[in-house]
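Before any comments, here is the structure.
The values are calculated or read from the model by the stated rules, or taken from the named source; none is laboratory data. Worth saying up front: this structure is predicted, and the values here are computed from it rather than measured. Backbone-built Cβ (ideal geometry, glycine too); neighbour counts: all protein chains shown. These area figures cover heavy atoms from the full protein model, side chains too; ligands, DNA and RNA do not enter into them. Shrake-Rupley method; radii C 1.70, N 1.55, O 1.52, S 1.80 Å.
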Amino acid sequence: MGRVIRGKSPIILLISCLFGLFTIAVADEVSKRVEALLKEAGNAWIPEEKRVEIQKQIVGLGEKAVPSLIPHLGAMNILEVNVSMGALAGIGSPAAPYLIAAMRGDDPEVAYRAALTLGDIHDARVVPALLEGLKSSDWHLRTACAKSLGTQKNVEATIPLIAATADPEDAVRRAAAIALGHIGDPAAVDALAALLYDTYVVRYSAAIALASIGRPALPALEKSLQSGNPEVVIAALQAIGGIPCEESVHAVIPLLASGDWAVRGAAALALRRIGTPEANDTVAKIERREKHPFVLFEIYKPLPK
Amino acid sequence: MMRNFRWGIILLLALAAIGCARIRRVGGEGSALRLLYAPFELGDSHEDLLDVALHAIGMKRDDLGYRKDFAQRDPFRLKIVDDLLAHPLKTVPYLKSAGEKLVGSNTIGAYDFIVSQIYENPVGATGRSSLRPDGGTAPAGAAPLHLATEEAEALSEIEKLDADGAIPTGSGKAFAILVNGRRAAAAEFVAAFEKLTPQEIAFLREKALAVVSEDEDMPDKEFQRFVAVAGKVDRAKLMAAGRIALDADERAFEILRKAEVKKKRFHYKWETPGGAIEISGATDDTHKGDASILVDFGGNDRYLYDAAQNKNEGDSFGRVSLTIDLGGDDIYVGRNRPSFGAGYFGIDILLDAGGNDTYIGGDYSLGAGFFGVGVLEDMGGNDSFKGRIFTEGAGFIGVGMLIAHEGNDRYEAGENAQGYGLTGGAGLLLDYKGADSYFTGAMLRDHREEGKYYQSFAQGFGMGLRPIASGGIGLLVDGEGNDTYEADYFGQGSSYWYALGGLIDLKGNDRYIARRYCQGAGVHLSVGGLVDLEGDDNYVAWGVAQGVGHDLAVGVLYDAVGNDTYTAEWLSQGAGSANGIGIFADGSGDDKYIAPGDRTQGGGEIAREFPSVGIFIDAGGNDSYAGPGRNDSIWTGREAGVGVDGKGKIRWEE
């Protein structure tokens, strides 16, 4: 028996080597193909449809294309980067471990884009990796992880994202707010309401997030209307206007008498967006006595569809 | 009969009034638009309209700006770019002040100002660029420079010629300044590259064109290496070298223009290790570009630098050229090599004292600093300047300045021109007076809009090498006269990637025509501004124009005074996209605004789930609008967009 094995082993070894060489050759071939396709995609002169077609072709190559795509996440040509990200997302789960490794790697640009790409891949390994990235010392990476956690819409991320609303970097706070809005967990309402006191871009994003959470956000928003800070009140009104709900009308109506024309305008617009009969009637009534052109504009301007 | 008629009129008026009230009450979606814009009375005419606009969209002044690095920092980031990105309301005062300073400066003052904006350590800080009090040009504190035997001999002969009256009396001292200046500048220039190996210098020279021109493909790793190697150039020393050369040329010029010309016809030439020294009389001469110090005492001269022997730039590294032409209607032609104030891995200063001159340059010409310093100063006459790429005030790891004093001048270029600052550099086109026309384009097509239009990257354009190297400063400053500016894509006070581009026109009734990314447009984390301080002006663009910030960038258009007309189609006149900040402001005058498309006259949007801010302000006059705006009114655009037309002040931040 031993002799038989000994006699066959050189053949097995040879076959293994040939198979190995074949695999390397195929991988090399795929790599060359990916490089060529990305180079073409990076040409600004080709039409967008052609770029979409290229991305599809790369997706068609499957997991074998992934190792070649990863370095291109840090390419200087943004068209190349976009196609690489799109292709990796299209390949899906098989790309996840590579992207997770890239996210933990040394190249910050590649790590950032790997984290963003992971947002579009639904795989059990992704959310834990993104949560880990949320603790990174690189705030760009934390921002990308927060954003992707929002895209994942996984409620497990709520608590870490709430913690991220206290991040020292406003870009991270903004991304966390947006993500919490996507997840829609009412547990995030208080943290988001606190962000209404933040910088403009953060409070704006928080307002959108609170509107996404909807009715459970109303008590906190109504409380914000009492803040006396016009910027906070305007942001809260913007959120309330995005929640078509009768209950908030009574909290908004007193603001139509505010001494601040910007607050009155925002209140009128919020009521129009709520659009209940009571809200509309109230706006119609105050229109007759309102003099300020800004408020009148907000009363009459067409609402976005 | 009359009584019935009167009752009829009353009845009709009553019906009309009821109808109007009805329309207004129905209001709502899209109806009664004209009633949306009730007369706007601030009550206090001194109220600040910027604050009014910001308050309308729930913002405060502190909310405007970008105080974080959205991309990795690199050694080329400029302090002024960071500052203006963080405080966009400083952009107008900064550009106004820069324009006024530059118009009030001589060439050396302009150079010092520009250098102080791109390097934290101004030229003088090294202590090496000061001139010796005895008129020599060796840097103060540096070891004395010894002239080559040939140079010393040439100077000795020139002194003798001066004493004999063979050349204009009193001109000899000027040549001593020029020769010493050339040597001192050359030494400083070489010192600027002392951290680079010969192979690295050769690599920079080989790849330089590919970096500037998008036509050539360059692999990422090579690109990164290029930027890393470029970063090793000591820019303070480079600037000091330029300053020494400029100072020598200017001081020599002051002596030469006072020298008494007794006879017109003479010509002398000496070959020296630093290049030939040539003196030419006040006759109509032809020069071939083989002298590195050339003084021509007048006449209608021809500088024909296209000759085949001048094409090889292989041995020109560190060349310092100082040229002075003391008058006449001259023709300068140098299409095949860097020419006429072209510091291409070297230093080149050209002063022309006057006359109606024609300059025809190629790539890297007419005030171009490309790993060097290039200055072209024309002191008068109606001149014509024509260049191709990287020309007419363009700088990349260096400074390029084109300065024209009086006369109605015509500037034409392909792209990367007319106040163009690329990474580590600054480009300035400064025209003091005259009705001038500026044109760029018609060379390389832009890929957008199916290639129908051309790239400009010009007329006050700052640009970086995205995404690895922040950009420089590009300024076009015009002091007086009714001027015309024409560009296509990327121009007229615009910018790209951590750079600053500014067009400042102080006086005159001007016309601005461009296509896209123009007239106060910041693109991708940069700051672009167009400031026009006086005159009845006309602005025409297509889109992403007239005070637009695109992608975390700041774009501002400010016209202080005059009855102006603004025409654009979309994303313009105070608009933000992709989280940018766009500000449009007109101070006074009866103005006309046409911008009927999407996101105009205070147009914002939500992108990446946070706002882009667009602010439109007209602070006086009776204005007419085609677009969302109305005279004496306030309105909001989409999302964080707002417009105010009132009578009040615009308080920028100093």
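Which residues, taken from region A:105-132, are in a loop (DSSP other than H, G, I, E, B), touching a residue at least 12 places away in the same chain (Cβ under 8 Å) and away from every other protein chain (no Cβ under 14 Å)? Outline the logic, then answer.
As a first pass, look at region A:105-132 and keep what is in a loop (DSSP other than H, G, I, E, B): A:105-107, A:119-125.
This time we only want the ones that are touching a residue at least 12 places away in the same chain (Cβ under 8 Å), so: A:107, A:119-123, A:125.
Answer for region A:105-132, where residues must be in a loop (DSSP other than H, G, I, E, B), touching a residue at least 12 places away in the same chain (Cβ under 8 Å) and away from every other protein chain (no Cβ under 14 Å): A:120, A:121, A:122, A:123, A:125.
Which one of B:499, B:521 is modelled with pLDDT of 95 or more and either within 14 Å of chain A (Cβ to nearest Cβ) or closer than 23 Å to residue B:597 by Cα (or both)?
None of the others qualify; the one that does is B:521.
With the requirement that a residue be of a type in the set (Ser, Thr, Tyr) and either touching a Pro at 6+ places or on another chain (Cβ under 6 Å) or over 14 Å from residue B:324 (Cβ atoms) (or both), what does region B:170-198 give you?
As a first pass, look at region B:170-198 and keep what is of a type in the set (Ser, Thr, Tyr): B:171, B:197.
Result: B:197, single match.
Is one or more of the residues making up region A:81-96 open to solvent by 40 Å² or more (accessible area, probe 1.4 Å), within 14 Å of another protein chain (Cβ to nearest Cβ) and assigned to a helix (DSSP H, G or I)?
Yes; the residues of region A:81-96 include at least one that is open to solvent by 40 Å² or more (accessible area, probe 1.4 Å), within 14 Å of another protein chain (Cβ to nearest Cβ) and assigned to a helix (DSSP H, G or I).
Would it be correct to say that residue B:172 is free of Cβ contacts under 8 Å to residues at least 24 places away in the same chain, crowded, with 18+ Cβ neighbours inside 10 Å and under 38 Å from the mean Cα position of the chain (by Cα)?
yes
In region B:602-626, which residue that is in a loop (DSSP other than H, G, I, E, B) and within 14 Å of another protein chain (Cβ to nearest Cβ) is surrounded by the fewest Cβ atoms within 10 Å (Cβ to Cβ)?
Filtering first and then ranking leaves B:608.
Tally the residues that are small (Gly, Ala, Ser) and in a strand (DSSP E or B), restricting the search to region B:460-475.
3
Pick from B:347, B:360: which is β-branched (Val, Ile, Thr) and within 23 Å of residue B:256 (Cα to Cα)?
On inspection, the qualifying residue turns out to be B:347.
Of all strands (runs of 3 or more DSSP E) completely enclosed by region B:515-554, which ones contain at least 2 residues that are closer than 21 Å to residue B:439 by Cβ?
Working: elements: B:516-518, B:521-523, B:527-532, B:538-540, B:543-545, B:548-550.
The qualifying strands (runs of 3 or more DSSP E) are B:516-518, B:527-532, B:538-540, B:543-545.
Name the residue that is farthest from the other protein chains (Cβ to nearest Cβ), counting only residues in region B:69-82 that are within 22 Å of residue B:578 (Cβ to Cβ) and part of a helix (DSSP H, G or I).
B:81
Checking residue B:408 against (1) in contact with a strand residue (DSSP E or B) (Cβ under 7 Å, 6 or more places away or on another chain); (2) open to solvent by 30 Å² or more (accessible area, probe 1.4 Å): exactly one of these is not met. Which one?
(1)
Please verify whether residue A:220 is touching a residue at least 12 places away in the same chain (Cβ under 8 Å) and either within 13 Å of chain B (Cβ to nearest Cβ) or over 23 Å from residue B:60 (Cβ atoms) (or both), treating the condition exactly as stated. Before the answer, list the steps.
Values: touching a residue at least 12 places away in the same chain (Cβ under 8 Å): yes; either within 13 Å of chain B (Cβ to nearest Cβ) or over 23 Å from residue B:60 (Cβ atoms) (or both): no.
No: the conditions fail for residue A:220.
Which fully enclosed helices (runs of 4 or more DSSP H) of region B:177-289 have 3 or more residues being away from every other protein chain (no Cβ under 14 Å) and under 30 Å from the mean Cα position of the chain (by Cα)?
B:198-212, B:235-256
Of a type outside the set (Asp, Glu), touching a Phe, Trp or Tyr at 6+ places or on another chain (Cβ under 7 Å) and buried (at least 20 other Cβ atoms within 10 Å of the Cβ), is that true of residue A:295?
yes
On the given criteria, is residue A:99 within 14 Å of chain B (Cβ to nearest Cβ) and out of contact with any Asp or Glu (no Cβ under 7 Å at 6 or more places or on another chain)? Spell out how you get there, then give the answer.
Working: within 14 Å of chain B (Cβ to nearest Cβ): no; out of contact with any Asp or Glu (no Cβ under 7 Å at 6 or more places or on another chain): yes.
No.
So in region A:110-161, with the set limited to residues that are more than 12 Å from the chain's Cα centre (by Cα) and hydroxyl-bearing (Ser, Thr, Tyr), which one is surrounded by the most Cβ atoms within 10 Å (Cβ to Cβ)?
A:112
Do you know which residues across region B:43-68 are at the interface with another protein chain (Cβ under 9 Å from one of its Cβ atoms) and either of a type in the set (D, E, K, R) or surrounded by fewer than 17 Cβ atoms within 10 Å (Cβ to Cβ) (or both)?
B:60, B:62, B:63, B:67, B:68
If you scan region B:264-278, which residues turn out to be closer than 13 Å to residue B:179 by Cα and surrounded by 14 or more Cβ atoms within 10 Å (Cβ to Cβ)?
B:270, B:272, B:274, B:275, B:276, B:277, B:278
Got a number for residues in region B:393-428 being assigned to a strand (DSSP E or B) and within 15 Å of residue B:359 (Cα to Cα)? I'd like the intermediate steps shown before the answer.
Within region B:393-428, the first condition is being assigned to a strand (DSSP E or B), and the residues that meet it are B:394-396, B:398-404, B:410-413, B:415-417, B:420-421, B:425-428.
Now narrow it down to the ones that are within 15 Å of residue B:359 (Cα to Cα): B:401-404, B:410-413, B:417.
Result for region B:393-428: 9.
Is it true that residue A:68 is among the hydroxyl-bearing types (Ser, Thr, Tyr) and open to solvent by less than 40 Å² (accessible area, probe 1.4 Å)? Show your work before the answer.
Details: among the hydroxyl-bearing types (Ser, Thr, Tyr): yes; open to solvent by less than 40 Å² (accessible area, probe 1.4 Å): yes.
So residue A:68 passes the test.
Is it the case that some residue within region B:427-443 is closer than 12 Å to residue B:370 by Cα and either in contact (Cβ under 8 Å) with a residue 40 or more places away in the chain or more than 14 Å from the chain's Cα centre (by Cα) (or both)?
yes
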